[in-house]
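Note sheet for the following structure.
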Protein chains: 2
Amino acid sequence: MKKLINDPKATVAQTIAGLAAAHGDIVRVSDEFGYAIRSSPPVAGKVAVLSGGGSGHEPLHTGFVGFGMLDAAVPGEMFTSPTPDPIVAATLAVSAGAGVLYIVKNYTGDVLNFETAAELVAAEGLDVRTVVVADDVAVQDSLFTAGRRGVAGTVLVEKIAGAAAERGDHIDAVEDVARRVASGARSMGVALAPPTVPHSGKPSFVLADDEIEFGIGIHGEPGRERHRLEPADQLVDAVVGAIDEDMTLRTGMEVLVVVNGMGGTPLGELYIVFRRVAEIFRARGVRILRNLVGNYVTSLEMQGFSITVLELDDELTRLWDAPVQTAALRWGR
Amino acid sequence: MKKLINDPKATVAQTIAGLAAAHGDIVRVSDEFGYAIRSSPPVAGKVAVLSGGGSGHEPLHTGFVGFGMLDAAVPGEMFTSPTPDPIVAATLAVSAGAGVLYIVKNYTGDVLNFETAAELVAAEGLDVRTVVVADDVAVQDSLFTAGRRGVAGTVLVEKIAGAAAERGDHIDAVEDVARRVASGARSMGVALAPPTVPHSGKPSFVLADDEIEFGIGIHGEPGRERHRLEPADQLVDAVVGAIDEDMTLRTGMEVLVVVNGMGGTPLGELYIVFRRVAEIFRARGVRILRNLVGNYVTSLEMQGFSITVLELDDELTRLWDAPVQTAALRWGR
């Protein structure tokens, strides 16, 4: 195992310490609980938006804390859900009396721990809503999941719900738009090479030199099938095909597309992927109104990519375009 | 070799096509010459700022074309200098009558081809200046270089010179500030694992499982020495030590720090590196005024990092903070 780390047990804490050192104007860390929280104090009357989950997917979620997106993010250990305690502490720290939205990826541990935290803070009188993201069309049920997995669509839920909260929407409206994005987004990924979790020291899975995992999960969970490495365009065609089966791309549709790198893939290759998505969509009469190309929801140094598609309307586009000021997404301000 | 590509020979063209497809509001591609150029027309009276060099270092240089930074970037084939023809064509396309600045990394091919292009456009009456970047303190002379190599300091030269040009500075002033940044920036890198160039299909070098290359070049050129993989903090201490020997960090100094990923390193690890740099500098009384942490000057999927340090003054800080709107750097607008 070759990694830029010190003690494997300190990796998560040192990563978030570095984030706060680099972006102290945006985010700070709770020394006691290890969550990331905006440097600025909570805005009275604003719905608080929180997320969290296992580490190793950076910049998700801590890189999305800041104006226009998350109020706090609670990282767990590597590929491991955070426990309820830091979630509760983060919630109490950001709550501004207007309700709280939890954005939770659909993994059994995350769902359970955020549910427990929600019960605890509800007992203190907070109005907590939870939206579960399950955008991965690859498989039904998986290693750590009942139902579909939550992957890169989570970024879209966090951005759009965060923008709604920032402009002062009521908790009902913030929850509603988060739910719309969560139910609208569709994703699927492919792995060319596995990640290695620091405390295990071994690759999460093994692929032959000419083999890929089609429908990979962000913790290296198995996908639909293994097959031979094909040219990028054929892989993209297959991924878009799987998404299309699930959401039905229609002529005249307007969409947001994310081409997401899994952490170890060069940016140039992600642009090759985006180029093909753009070709397919143009031929199908689907208009890509907005896009992201880069590493947003990663799996340590895994090589591979995922594609996420979300149908846009004027309201979602407006919220997507709204100013955001986080370590990993920044525009319009 | 496992890559998200189609025909290796088409990789550069398809990458840049994807860039333009994703960021058509910022950048477009010359069909004839393959360079990247701003989507907006040249601004009369503005100094044109150009760069270029071998591909495989994305987002450098094409990802830095846009408002406040480059007017055009000329990519060569993978790890190969662009020829003079596209450089000349790009120059004529962006020239707005106020002079042209070439920002060139110090590799023999790049220096030669930009020199030839400069002679050709000078013969057409253009006032062309060239600033060569040679910020890598690792080694004197290298595989493709006489003198020091140009690495991640190039981003700082492009950003700051681009900002000076954007605010309407005279060519003399733009050249001067570019030269100041180029001579002030110091960088050094470490590789944990090699890149693979598509048309070769083989890793550029071989490292044992516990071995690193200290002082690596961005094409996999040898550095100072190979030694055993150490904890991240020790590697950072050694890199900062090498930079310190060359530029002498002083108490009270104000600096910009770039922690740059080589393409295959997870973002979390780069934050662990930044955290250590911040610790060292705090102990030394050096103030990190600005920073970048991420993949900016890469070497395909090479694993590793580099650190760049530039001493700031009010003028450089102002130009760094000026609005920029490119695919890879975006703020303040």
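Can you name the condition, by its number, that residue B:32 falls short on among (1) acidic (Asp, Glu); (2) under 27 Å from residue A:304 (Cβ atoms); (3) assigned by TED's automatic domain parsing to the domain that holds residue B:167? Among (1) acidic (Asp, Glu); (2) under 27 Å from residue A:304 (Cβ atoms); (3) assigned by TED's automatic domain parsing to the domain that holds residue B:167, residue B:32 violates only (2). Here residue A:83 meets each of (1) closer than 28 Å to residue A:172 by Cβ; (2) open to solvent by 40 Å² or more (accessible area, probe 1.4 Å); (3) of a type in the set (S, T, N, Q) with one exception, condition (1). Residues in region A:35-53 that are of a type outside the set (Ser, Thr, Tyr) and either more than 21 Å from the chain's Cα centre (by Cα) or outside the structural domain of residue A:178 (by TED's automatic domain parsing) (or both): A:41, A:42, A:43, A:44, A:45, A:46.
Residues in region A:99-143 that are open to solvent by 50 Å² or more (accessible area, probe 1.4 Å) and assigned to a loop (DSSP other than H, G, I, E, B): A:124, A:125, A:127, A:140, A:141, A:143. When you check residue B:98 against the structure, is it in contact with a Phe, Trp or Tyr (Cβ under 7 Å, 6 or more places away or on another chain) and more than 10 Å from every other protein chain (Cβ to nearest Cβ), yes or no? No: the conditions fail for residue B:98. Tell me yes or no: at least one residue of region B:144-157 is open to solvent by 20 Å² or more (accessible area, probe 1.4 Å), more than 21 Å from residue B:261 (Cα to Cα), free of Cβ contacts under 8 Å to residues at least 60 places away in the same chain and away from chain A (no Cβ under 14 Å). Yes.
Residues of region A:16-52 that are of a type in the set (A, V, I, L, M, F, W, C) and surrounded by fewer than 17 Cβ atoms within 10 Å (Cβ to Cβ): A:44 alone.
In region A:288-302, the residues that are under 23 Å from residue A:79 (Cα atoms) and at the interface with another protein chain (Cβ under 8 Å from one of its Cβ atoms) form Cβ pairs under 9 Å with partners that are open to solvent by 30 Å² or more (accessible area, probe 1.4 Å) and among the small types (Gly, Ala, Ser), at six or more places apart or across chains, as follows: A:295/A:328; A:300/A:204.
Filter region A:240-257 for residues that are over 24 Å from residue B:10 (Cβ atoms) and within 14 Å of chain B (Cβ to nearest Cβ) and give the result. Quick ask: steps written out before the conclusion?
The initial filter retains those residues of region A:240-257 that are over 24 Å from residue B:10 (Cβ atoms), namely A:242-256.
The answer is A:255, A:256.
I want to confirm something. Restricting to region B:1-11 and keeping residues that are more than 8 Å from chain A (Cβ to nearest Cβ) and touching a residue at least 24 places away in the same chain (Cβ under 8 Å), which single residue is farthest from residue B:330 (Cα to Cα)? Among those that are more than 8 Å from chain A (Cβ to nearest Cβ) and touching a residue at least 24 places away in the same chain (Cβ under 8 Å), it is B:1.
Looking at region A:221-239, which of its residues are open to solvent by 10 Å² or more (accessible area, probe 1.4 Å) and within 14 Å of chain B (Cβ to nearest Cβ)?
A:226, A:227, A:228, A:229, A:230, A:231, A:233, A:234, A:237, A:238
Working only within region B:158-177, note down all residues that are open to solvent by 30 Å² or more (accessible area, probe 1.4 Å) and touching a residue at least 12 places away in the same chain (Cβ under 8 Å). Can you show your working first?
As a first pass, look at region B:158-177 and keep what is open to solvent by 30 Å² or more (accessible area, probe 1.4 Å): B:166-170, B:172-173, B:175-176.
If the condition is that a residue be open to solvent by 30 Å² or more (accessible area, probe 1.4 Å) and touching a residue at least 12 places away in the same chain (Cβ under 8 Å), then B:166, B:167, B:168, B:169, B:170, B:175 are the ones that fit.
All conditions but one from (1) surrounded by 22 or more Cβ atoms within 10 Å (Cβ to Cβ); (2) of a type in the set (Phe, Trp, Tyr); (3) in contact with an Asp or Glu (Cβ under 8 Å, 6 or more places away or on another chain) apply to residue B:67; the one that does not is (1). Only one of the numbered conditions (1) surrounded by 15 or more Cβ atoms within 10 Å (Cβ to Cβ); (2) out of contact with any Phe, Trp or Tyr (no Cβ under 7 Å at 6 or more places or on another chain); (3) over 19 Å from residue A:296 (Cβ atoms) is not met by residue A:197, and that is (2).
Somewhere in region A:223-241, is a residue under 23 Å from residue A:154 (Cα atoms) and modelled with pLDDT under 95? Yes, region A:223-241 contains at least one residue that is under 23 Å from residue A:154 (Cα atoms) and modelled with pLDDT under 95.
Looking only at region B:258-277, which residues are in contact (Cβ under 8 Å) with a residue 24 or more places away in the chain and within 9 Å of chain A (Cβ to nearest Cβ)?
Residues satisfying the conditions are B:259, B:263, B:264, B:265, B:267, B:269, B:270, B:272, B:273, B:276, B:277.
Within the option set B:212, B:218, being touching a Ser or Thr at 6+ places or on another chain (Cβ under 6 Å), among the aliphatic types (A, V, I, L, M), modelled with pLDDT of 95 or more and open to solvent by less than 30 Å² (accessible area, probe 1.4 Å) holds for one residue only, B:218.
The values are calculated or read from the model by the stated rules, or taken from the named source; none is laboratory data. Because the structure is a prediction, the values reported are computed rather than measured. Cβ: placed from backbone, ideal geometry, glycine included. Neighbour counts: every protein chain shown. Only protein heavy atoms, including side chains, enter the accessible area calculation; ligands, DNA and RNA are left aside. Shrake-Rupley method; radii C 1.70, N 1.55, O 1.52, S 1.80 Å.
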